[in-house]
Amino acid sequence: MNTINVALPHNSYEIKVGAGILAQAGPWLKGIGFNGKAVIITDSNVRPLYADALSQSLAGAGFSVTLLEVPAGEAAKTLETAASLYDRLSEAYAERSTLILALGGGVIGDLAGFVAATYMRGTPYVQVPTSLLAMVDSSIGGKTAVDRGKLKNIVGAFYQPRMVIGDIATLKTLPPVELSNGMAEIIKMAGVYSEPLFDYLENNMSKAMGMDLAVLERVTVENDRLKAPVVERDEKETGTERIMLNYGHTVGHAVEAVSDFALKHGQAVAIGMVAENEIARRMGYLDSAAAKRMEKVIKAAGLPARPPALNIKKVMRAMQQDKKVLRGRVRFVLLKSIGEAFIADNVEPALVEEVLSRG
Ligand SMILES: NC(=O)c1ccc[n+]([C@@H]2O[C@H](COP(=O)([O-])OP(=O)(O)OC[C@H]3O[C@@H](n4cnc5c(N)ncnc54)[C@H](O)[C@@H]3O)[C@@H](O)[C@H]2O)c1
Ligand SMILES: [Zn+2]
């Protein structure tokens, strides 16, 4: 078991990563001062798999537990679902001190986190991520949100969890496409911050994709050790540090939206990383060898490297609407080498179009 600290001025917390640690949730949460009511928010896929284990651990530590389920999938990440959760929380007599546990993937983490941020002006919550993407990305850093129509994460809050409990053993039931999805964010993190992690991914990707829990634990821990200090330095993305995590996301978000979300987020980010590397290469920042290594790892993770046939003009327009646009300029995070990234405001739209249209 590994513990990674996220040290913030007011909201420090621990990330726990290990196989089979769900059973320790109750004692750990009691240990940091919680007791009384606890509400688990989960989805229809995860509930039959892991809700009992979490519930029993909490009950064993003296919590009285309520379980709330929402339908699985991004379509449930809405204000309407949040509203139904507010109602169900009231019916369960949830109070401002009631602990909310987000048990599931990133959809549940974002939704339950948003509900926790807003119900009674804020109740404490804990992330219990069960997808790889949630373990390495969405559960860390306190970004919570819901979608409105096609606008993803358009209503939300920065609201830090009190603990993150990532039980690697839960990944055993994760569909392979979801494993790839999470792996895209780990590759991203390695690309921006860590050549050693990238090397490790290169050497161990087939084991990871074959569900080797020791390898998955190691890459999750290494990833989280890289993400924690980024959140510490730039809690609310007011600086430039957290922007670095958007490597692959400028193009990625745009192709994801234009595909009508037929592309999963990780797939879109993979396409985005390859395209942005090509932009960096053509601008003379990144050498071809590094770009090729990156593309190879992406493919080994079962991720696409090229976009499907999409309307390029629409992709360009979608990029202009992104949250990362600053005063009209689309910002890109480009690699100089594997493990080193920078923010580029000077990427010519014509170059982006050219790269997106390449065969
Ligand atoms: N807050 C952030 O910083 C942040 C960062 C990245 C992504 N996100 C958000 O995260 C969401 C995507 O997260 P996701 O990829 O985890 O999607 P998800 O929550 O939809 O989970 C993917 C699928 O896997 C299922 N699942 C989860 N854990 C499982 C398990 N252990 N066994 C079997 N099935 C399991 C889910 O029910 C779902 O069907 C998006 O809404 C995205 O906007 C947020
Ligand atoms: Zn992402």
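The values are calculated or read from the model by the stated rules, or taken from the named source; none is laboratory data. In this text, all values refer to a predicted model and were calculated from it rather than measured experimentally. All Cβ positions, even for glycine, are placed from backbone atoms using ideal geometry, and neighbour counts span all protein chains on display. Ligands, DNA and RNA are excluded from the accessible area calculation, which covers all protein heavy atoms including side chains. Shrake-Rupley method; radii C 1.70, N 1.55, O 1.52, S 1.80 Å.
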Val192 meets each of (1) part of a helix (DSSP H, G or I); (2) within 16 Å of ligand 2 (Cβ to nearest atom); (3) under 23 Å from Gly113 (Cβ atoms) with one exception, condition (3)
Test: Ser180 is out of contact with any Cys (no Cβ under 8 Å at 6 or more places or on another chain), more than 12 Å from ligand 1 (Cβ to nearest atom) and of a type in the set (S, T, N, Q): no
Pairs, first in contact (Cβ under 8 Å) with a residue 12 or more places away in the chain and within 16 Å of ligand 1 (Cβ to nearest atom) in the stretch 36-60, second open to solvent by less than 30 Å² (accessible area, probe 1.4 Å) and assigned to a loop (DSSP other than H, G, I, E, B), C-beta under 7 Å, six or more apart: Val46/Thr130; Tyr50/Thr130
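Can you go through Ala83, Ala25 and tell me which one is under 26 Å from Phe158 (Cβ atoms), surrounded by fewer than 13 Cβ atoms within 10 Å (Cβ to Cβ) and not polar (S, T, N, Q)? Walk me through it before giving the result.
On the way: Ala25 fails: surrounded by fewer than 13 Cβ atoms within 10 Å (Cβ to Cβ).
Criteria check complete, one pass: Ala83.
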Residue pairs, Cβ under 7 Å, 6 or more apart or interchain, first in the stretch 1-29 and closer than 19 Å to Ala102 by Cα, second among the charged types (D, E, K, R) and assigned to a loop (DSSP other than H, G, I, E, B). List them. Tyr13/Arg162
Within the stretch 257-275, take every residue that is away from ligand 1 (no atom under 11 Å from the Cβ) and in a loop (DSSP other than H, G, I, E, B) and give me the one that is surrounded by the fewest Cβ atoms within 10 Å (Cβ to Cβ). Asp260
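Checking the condition buried (at least 24 other Cβ atoms within 10 Å of the Cβ) and either within 18 Å of the chain's Cα centre (by Cα) or among the hydrophobic types (A, V, I, L, M, F, W, C) (or both), which residue from Ala254, Ala214 passes? So that I can check it myself, show each step before the final result.
Values: Ala214 fails: buried (at least 24 other Cβ atoms within 10 Å of the Cβ).
Exactly one residue qualifies, and that residue is Ala254.
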Pairs only if they're at least six apart or on different chains, beta carbon under 6 angstrom, first in the stretch 251-274 and touching a residue at least 60 places away in the same chain (Cβ under 8 Å) and closer than 21 Å to Ala350 by Cα, second more than 15 Å from ligand 1 (Cβ to nearest atom) and acidic (Asp, Glu); list them, first residue then second. Val251/Glu276
